[in-house]
Amino acid sequence: MNEPLPVSRVADEVIRAVLQTPVIDMHTHIYSTSFGTPVANAAGPADPGGLLLWGIDEMLTYHYLVAEAFRVRPADEMPYETFWRLSKQDQADHVWRCLFVERTPVSEAAKGLLTTLQALGLELPVSGLSGLRRWFAEQDPDDYIDRVMEVANIDKMTMTNAVFDDAERARWDAGITPDSRFDAVLRIDPVLRDWPAAAAAMRGMGYGVADDLSGGSVSEGRRFLLDWAGRMKAVYLAASLPPSFAFTDGGPGRPLGEQAFARIVLPACRDLGVPFAMMIGARRAANPALGDAGDMTGRADIEAVTNICAAFPGNRFFVTMLSRENQHELCVAARKFGNLMIFGCWWFLNNPSLVEEITRMRVELLGTTFIPQHADARVLDQMIYKWRHSRPIIARVLAAKYEDLVGTGWPVTPKTIERDVRLLLRDNYLNFIAPR
């Protein structure tokens, strides 16, 4: 049956479709088991340099919660250097004490940990974390990835593969076993943020590039990207960029990173037939003593995005911006450029009130032609709460819009709802990465 729905049934059908549709998570920092895990488990001992993070201690020591813990026990009570010298378990115990024992865990990140434990069928720890640590230690990482994906209803996710990170590149050099659950994304931040440093690294890998982009730098830089994208089978290229990111035309006299973007990166993407993703607005190390927890946000200039989209109509661009203040301009820009795909509520925007506000605005300006969310998770278990918290919000926004449509006399059917939900959670991404 696919008859038009009465308004009284719309919300239930939307919720069903959003909860039942498997998502493709287009941006995470999760790795397959081929990259090793620092967590000791049933499949083997800890790999200190492993990149797959999971388990209770990794969740509690993630920088979202570390930053909150330092609000409860500020640096004059718990000096930063003292905290960083603690073992991972002692850091986790400290965070648990600060945020879950001495305070009520009402923040999004703290509640997210509880959502994850509940979804896994685990009891909340009352007398300490030892029971949870035993449970996680009994898990096989490969099987646990399957379980997390099943609970979160994800059937594919991307990694973030930083080719300029020596530790990660060593894993590729040692040989990576392909994993059908994961797609690679070639991350190239230094090319745009610090070309001389990127050039030095590429020379060390045997590519003939110069600090000033002279000689054969352009052809060698493209060769580097084509080689590594091919080796990884990368589905797109990406960079995280500061609020100060600017682009005019990439011509002579412009900053080296801008020239490299125009002359090396975007031609390589066209040759590969893949999009380029820009995550704009992260201001690094506002408080360096906090480590990864010390980054913050800043408002960026949308003109950089529109200049790029206009100058390179043959390229496709995923874009997400970190500042709430940039969201309306970004939506308007996406109305003007078909080669721009907005994705996700990133990092500091991944809070329910902001996800709802931003998703509602995007639907009102863009219809169903965007990607509403991605996990951006660095710890595997976080995938569960990020999607369990986001799906009901997406459903609530869509239900209100469909109910409005029914009020105009427009027929809304279960099949049209399912189609639209698939576009938002899967097909917009798949269609955008497909070569044209």
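Couple of notes before you dig in:
- Among the conditions (1) modelled with pLDDT of 95 or more; (2) of a type in the set (A, V, I, L, M); (3) over 15 Å from Ile384 (Cα atoms), the only one that Val148 does not satisfy is (3).
- Residue within the range 241-251 that is more than 21 Å from the chain's Cα centre (by Cα), at pLDDT 95 or above, within 28 Å of Ala300 (Cα to Cα) and part of a helix (DSSP H, G or I) present: no
- Of all the residues in the range 317-342, those that are touching a residue at least 40 places away in the same chain (Cβ under 8 Å) and among the aromatic types (Phe, Trp, Tyr) number 2.
- Residue match in the range 40-47 (condition: modelled with pLDDT of 95 or more, under 18 Å from Leu99 (Cα atoms) and either buried (at least 24 other Cβ atoms within 10 Å of the Cβ) or not hydrophobic (A, V, I, L, M, F, W, C) (or both)): no
- Candidates Arg103, Arg133, filtered to the one that is surrounded by 17 or more Cβ atoms within 10 Å (Cβ to Cβ), modelled with pLDDT of 95 or more, farther than 25 Å from Arg181 by Cα and charged (D, E, K, R): Arg133
- Answer residue from the range 15-27, given it is out of contact with any Phe, Trp or Tyr (no Cβ under 9 Å at 6 or more places or on another chain) and in contact (Cβ under 8 Å) with a residue 12 or more places away in the chain and is surrounded by the fewest Cβ atoms within 10 Å (Cβ to Cβ) among those: Gln20
- Restricting attention to the range 282-296, the residues that are farther than 11 Å from Pro243 by Cβ and not in a loop (DSSP other than H, G, I, E, B) add up to 7.
One line per residue, one yes/no per condition, for (1) of a type in the set (Asp, Glu); (2) outside the structural domain of His374 (by TED's automatic domain parsing); (3) touching a strand residue (DSSP E or B) at 6+ places or on another chain (Cβ under 6 Å):
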| position | (1), (2), (3) |
| --- | --- |
| Arg147 | no, yes, no |
| Asp189 | yes, no, yes |
| Pro196 | no, no, no |
| Gly216 | no, no, no |
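- Enumeration of residues in the range 372-390 that are within 14 Å of Val18 (Cβ to Cβ) and surrounded by 21 or more Cβ atoms within 10 Å (Cβ to Cβ): Pro372, Gln373, Trp387, Ser390
- The numbered conditions (1) surrounded by 16 or more Cβ atoms within 10 Å (Cβ to Cβ); (2) more than 30 Å from Glu418 (Cβ to Cβ); (3) of a type in the set (A, V, I, L, M) are all true for Ala75 except (1).
- Note on the range 189-231: residues that are out of contact with any helix residue (DSSP H, G or I) (no Cβ under 7 Å at 6 or more places or on another chain), closer than 27 Å to Lys156 by Cβ and crowded, with 18+ Cβ neighbours inside 10 Å amount to 2.
- Within the range 259-277, considering residues that are of a type in the set (D, E, K, R) and in contact with a helix residue (DSSP H, G or I) (Cβ under 8 Å, 6 or more places away or on another chain), the one surrounded by the most Cβ atoms within 10 Å (Cβ to Cβ): Arg263
- Tabulated pairs, the range 297-316, first farther than 16 Å from Ile342 by Cβ, second among the acidic types (Asp, Glu), C-beta under 9 angstrom, 6+ apart or interchain: Arg299/Glu325; Asn307/Asp249; Ala311/Asp249
- Subset of the range 364-410 [in contact with a helix residue (DSSP H, G or I) (Cβ under 8 Å, 6 or more places away or on another chain), of a type in the set (D, E, K, R) and not in a helix (DSSP H, G or I)]: Asp376, Asp381
- Residue count for the range 297-336, restricted to those that are surrounded by 17 or more Cβ atoms within 10 Å (Cβ to Cβ) and part of a loop (DSSP other than H, G, I, E, B): 7
- Unmet requirement for Ala109, which otherwise passes all of (1) assigned to a helix (DSSP H, G or I); (2) touching a residue at least 40 places away in the same chain (Cβ under 8 Å); (3) out of contact with any Phe, Trp or Tyr (no Cβ under 9 Å at 6 or more places or on another chain); (4) crowded, with 17+ Cβ neighbours inside 10 Å: (3)
- When the residues of the range 401-417 are filtered to those that are free of Cβ contacts under 8 Å to residues at least 12 places away in the same chain and surrounded by 14 or more Cβ atoms within 10 Å (Cβ to Cβ), the one that is nearest to Val18 (Cα to Cα) is Thr416.
The values are calculated or read from the model by the stated rules, or taken from the named source; none is laboratory data. Source: prediction; values computed, not measured. Methodologically, a virtual Cβ is constructed for each residue, glycine included, from the backbone with ideal geometry; neighbour enumeration extends over all protein chains shown.
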